[in-house]
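Structure record follows, encoded as structure tokens.
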Amino acid sequence: MEGREQEQYGQLLFSHAHTQEAARLEALAEALDQGTFQDLERLPLRQSWRCLDVGAGLGTVGAWLARRCPAGNVVMADRDPRHLCSRAGRTVEARQFDVTLDEFPEGSFDLIHARWLLSHLPSRQTVVERMVRWLAPGGWLVIEDLAQFPLEFSRDPLYRKVSLAMCDAVGRRIGTDCHWARTLPEPLRPLGLTSVHADVRISTVGPTPIGRFWRLSAEQLAVDLQRDFGVTPEELVAFLRKVTAPDFTAPGLATVTAAGQRT
């Protein structure tokens, strides 16, 4: 990033210490959880499975896995686990964990899940390879990640301009690649996984949870949007009002899901 050192996700931007970050993550979980649960239900889940949720955020997926695998255990891992502690319990562990640096022993888990995480990591392919090693034989890796392509087709010029600028801003600021998920499931195929498959869901902005998420994300990016991408203060105000307005509907980010089983 020219002129400024690139930071990590959550270091400043989208920090869990931000006063509105919990609300932003709550909106995202409300928007995505049901799709995630449906994808996980398609797997041959067993009550005894050992599960890892990487970049667990608020822990909603980890809590769901604990209910589905009551004889197993769930590790909810996040670089900043402050929002996870309330969901810890007898079979659920909240762990401070940097997936780019920290390790688990090979074969530790029957299921590893990561949602909207890898696109934010410059070392994403290396992280995928390490997560495959953490799987036990027969274990499943499930990756969900964001893609910006639906935004490109919005017919609303202001929404399209600011939304695409947001994608560029997170790329410049923290290295997010809003196109990487379009390559899924190909990054899984060379890693010895079988039953590899993929699916896509597209969210809708407006009076919806993803609309709230997108507004709260734009508020944290406000300085970047105006300084680096030519978004005027008037345009930003109009955008923030528009994306949660009851009379507005537009495509939001896509979620691309890819899964595969270790042999």
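List of remarks:
- Mean residue ellipticity at 222 nm, helices only, the chain: -10500 deg cm²/dmol; runs of at least 4 DSSP H residues each add -39,500 (n - 2.57), and the sum is divided by the number of residues.
- Cα-centre dipole for the chain with unit charges at Cβ (Lys and Arg positive, Asp and Glu negative), debye to 20: 520 debye
- In terms of packing, defined here as the mean over residues of other Cβ atoms within 10 angstrom, the peptides 158-169, 111-122, 51-62, 31-42 line up highest first as 51-62, 111-122, 158-169, 31-42.
- Size of the range 115-155: Rg and Dmax of its alpha carbons, in Å, are 13.9, 47.
- Cut-off 12 Å between beta-carbons: net charge of the residues surrounding P44, Lys and Arg +1, Asp and Glu -1: +1
- Counting charges near Q96 (Lys, Arg +1; Asp, Glu -1) among other residues having Cβ under 12 Å from its Cβ returns a value of -2.
- Long-range HN-HN contacts of L253 with modeled amide H, under 5 Å: S203
- Each 10 Å bin from zero holds the following percent of Cα-Cα pairs in the chain: 7, 30, 36, 20, 6, 0.
- Between E219 and T232, the simple spin-label model (points 7 angstrom out along Cα→Cβ) gives 2.4 nm.
- Projecting the Cα atoms of T204, F153, L101 onto the charge dipole of the chain, computed from C-beta unit charges around the Cα centre, puts T204 farthest toward the positive end.
- Residue among A245, L121, A218 farthest towards the positive dipole end of the chain, charges placed on Cβ: A245
- With the biggest extent put first, the Cα atoms of the range 1-74 measure 50, 21, 20 Å across the principal axes.
- Spin-label pair A198/A71, simplified geometry with 7 Å Cα→Cβ offset, distance in nm: 3.6 nm
- Ranking V132, C69, A181 by how far each Cα lies toward the positive end of the dipole of the chain (charges on Cβ) leaves C69 at the top.
Readers should treat all values here as calculations from the given coordinates under stated rules, not as data from a laboratory. Keep in mind that this is a model prediction, so the values were computed, not measured. Don't worry about glycine lacking a Cβ; one is built from the backbone with ideal geometry, like all the others, and counts go over all protein chains shown.
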